Amino acid sequence: MGAIYIATLLLLRETHSPTLLGRKARRLRKKYGNPEISSVLVSKKPPRATFLNAIIRPTRLLVYSPIVLTLSICAAVNYGFIYIIFTTMTSTFMSRYGLSKGDVGLTYLGFGIGNIVGNVTLGALSDKLMKAIAGKGEMKPEYRLPPLIPGSLLVPVGLFLYGWTLQYNVHFMVPLVGTFLVGVGTILIFMSINSYLVDAFTEHAASAVAASTVLRSLGGGLLPLCGGKLYEVVGDGWGNSILGFIGVAFIPAVWLLYKFGERLRLKSRV
């Protein structure tokens, strides 16, 4: 993943308008020797104010934009599901199936392959799906949200399959099918949310994504603290079923966001 980000940084073109105009103004200043040439899109604020604004704006988005808050909570909960499983998989598969420390590392391939399948599928279909929904009309940011629905279905299904096949000691490949489904579902959720935030908040897309990332990371850091105890008390079957039921509860919310998201976005006070 790190290599992909580095390649993206080095090989893809800059598309941020203020940055492009700022670079052009810098070239013109150098060419004509005129220090007064500047871009109207470049902030004139001092660095301290710019830094504080970068901290405050994501917080304002979480507080005053219901759609950013709801999507961020959805991402945080699903991120927490992943890390609950990540932090318990090693001990679970070693104790239930007698896998060695070397072999148990391969059990994470279910998630990895699921993530790759989700990435490739959504990457190939996202723009086409958006154009198909829009038809000849305006392409709205909310048209990025439909993949959230199958993603939100796949995660609970994967959790139920993972939990109950572990509970009854079914062959270890079957619970890995569950983690594969969770991997596909979570990547559909995360990519759809990030694509929506970028399209919906344009100039402030970085702040919207930052707000979502902070809340998502909190979910990934805090929810696993109770994962081991949850499985210890109710078992793998019901433990993962509880997580699955929480995931199911988000399905109506996701549909409502798709249906009424534009209205919520336009009413945002940010």
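Structural remarks
- Looking across segment 62-96 at every residue that is over 21 Å from Lys259 (Cα atoms), crowded, with 17+ Cβ neighbours inside 10 Å and polar (S, T, N, Q), the one that is nearest to the chain's Cα centre (by Cα) is identified as Asn78.
- Test for Gly102: is it over 19 Å from His171 (Cβ atoms) and either at pLDDT 95 or above or surrounded by fewer than 16 Cβ atoms within 10 Å (Cβ to Cβ) (or both): yes
- Qualifying positions in segment 134-145 - over 18 Å from Phe201 (Cα atoms) and either in contact with a Phe, Trp or Tyr (Cβ under 9 Å, 6 or more places away or on another chain) or of a type in the set (A, V, I, L, M) (or both): Ala134
- When segment 108-141 is filtered for residues that are under 10 Å from Val184 (Cα atoms) and hydroxyl-bearing (Ser, Thr, Tyr), only Thr121 remains.
- The set of residues in segment 195-217 that are out of contact with any helix residue (DSSP H, G or I) (no Cβ under 6 Å at 6 or more places or on another chain) and not aliphatic (A, V, I, L, M) comprises Thr202, Glu203, His204, Thr213, Ser217.
- As for segment 126-149, it holds at least one residue that is among the aliphatic types (A, V, I, L, M) and within 16 Å of Gly247 (Cβ to Cβ).
- Test result for Ala75, of a type in the set (A, V, I, L, M, F, W, C) and farther than 27 Å from Ile251 by Cβ: no
- Some residue of segment 179-192 being without any contact (Cβ under 8 Å) to a residue 40 or more places away in the chain, assigned by TED's automatic domain parsing to the domain that holds Thr88 and assigned to a helix (DSSP H, G or I): no
The values are calculated or read from the model by the stated rules, or taken from the named source; none is laboratory data. Nothing here was measured: the structure is a model prediction, and the numbers come from that model. No Cβ is skipped: glycine too gets one built from the backbone with ideal geometry, and neighbour counts run over all protein chains shown.
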